[in-house]
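Okay, structure first, notes after.
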Amino acid sequence: MANSILVVGLLGLFFGIFLSFVYTKFKIEENPLFSKIYELLPKANCGACGFAGCSAFAESLIENKTTPEKCVMVDKLSLVKICEILGIEAEKKEKFVARILCHGGVNAKKKFEYTTIKTCNALNAIFDTNFECIYGCLGLADCVRICPVNAITIKENGLPEINEEKCIGCGKCVQICPKKIIKLLPYDKKVYIACSSFEKGAIVVKICNSGCIGCGRCAKVCPQNAIKIENNLAIIDYERCDNCGKCVEECPRKIIFFSKVSILA
C-alpha cells in the first residue's frame, strides 16, 4: 500500500515537472500591445466587427488584419489612442444607424393570422409573409431579440422602433431581417423613406395605407436632385441629400420621415 502511494506521488511529481518544462519551453509570449489595446475596447463582444469578440479584434489589429474604426462601439478618444499605439493615423469614423424602411404594420392588410413559431424568419420560411405586401415588415421581433444594446422595441402599430441614440450601427438587425427592410444609413442624414415595396402604385393603395406609390412628387421638389424613382419606389441619394425636408412635406402618403434625433455636431 505504502509503495503504491509512493509510486503515485513520484508519478505526480514527474508529470508536474514535465508539464512545467513544456509550458516554459513552448509558451507563446503575449504581444505587449495587446493588453493596451484591449483595455481601450468596449469589451461588449457584440461581434459587429466581424470577429468573435474584443480579444480577437485586438489580436487582429496587432496583426494588421483589420482597422480600429471597424469597432462600432469604441468612442472617439479610445479610437485615437488605439491608433497612436499602432502607429497609424486615425481615420474619421462616420456613424451609421439602422432604420426601418417600412411603415406598414397595422396600415398593411393581412392575408391571414399567423400563430405558429413567432419569429420573422420562421414565418418567411413557411409562408413568405402573412401580409398582402410581400415586401413589408413581419413584426415578429427577430431584430429586437438580436440587438446587443436593446435599441429596438416593437411599437403599438406592430413595427420595430429604433432608438438612434442607443443604436451602434452593428448591422445585426440588418442581417437577420428576412425582408431586408432594415438598412444602415448615415446618422447625420435625417430624412428616410419608410417603404421598400416595388409594386405599382395601383396595387400599393389596395394593400397598404401608407406605402410608396412612386408618384415622383418628392423627386420633383428636391432642390439637390437627391431622389429618384426606381422600380416604382422613391430612393434617396445620401451623397446629395442636405436634409432640407421638402420631400417630407410633399409626400402624399406621409411615408418620408425625419429621424427623431438631432444631427451630430
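Any read-out appearing in this document is the output of simple, stated calculations on the displayed coordinates, not a laboratory observation. Values in this document were obtained by computation on a predicted structure and should not be read as measured data. With ideal geometry, Cβ positions are generated from the backbone for all residues, glycine too; neighbour counts draw on all protein chains shown.
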Which whole-number percent gives the relative contact order of the chain, counting Cα pairs below 8 Å spaced six or more residues apart? 16 percent
Both in Å, the radius of gyration and Dmax of the C-alpha trace of the range 96-258 are 15.5, 48
Using the structure shown, select from Lys92/Lys254; Lys118/Lys246; Lys76/Lys254; Lys92/Lys190; Lys81/Lys166; Lys206/Lys228 the pairs with a Cα to Cα distance greater than 30 angstrom. Lys92/Lys254; Lys118/Lys246; Lys76/Lys254
Computed helical MRE - 222 nm, the chain, DSSP H runs ≥ 4 contributing -39500 (n - 2.57), nearest 500: -9500 deg cm²/dmol
Sorted largest first, extent of the range 186-265 alpha carbons per principal axis (Å): 42, 23, 19
If you stretched the chain out fully between Glu250 and Phe34, how much longer would it get, using 0.36 nm times the residue separation minus the C-alpha to C-alpha distance? 72.4 nm
Where does each of Thr116, Thr153, Thr67 land when they are ranked from fewest to most other beta-carbon atoms within 10 angstrom? Thr116, Thr153, Thr67
Rounded to the nearest Å, the spacing of the alpha-carbon centers of the range 137-151 and the range 46-88 is 26 Å
Likely footprinting exposure, Asp75, Asp188, fewest C-beta neighbours within 10 Å first: Asp75, Asp188
Given the Cα atoms of the range 29-92, and with Rh set as the inverse mean 1/r over their pairs in the Kirkwood sense, what is Rg to Rh to two decimals? 0.91
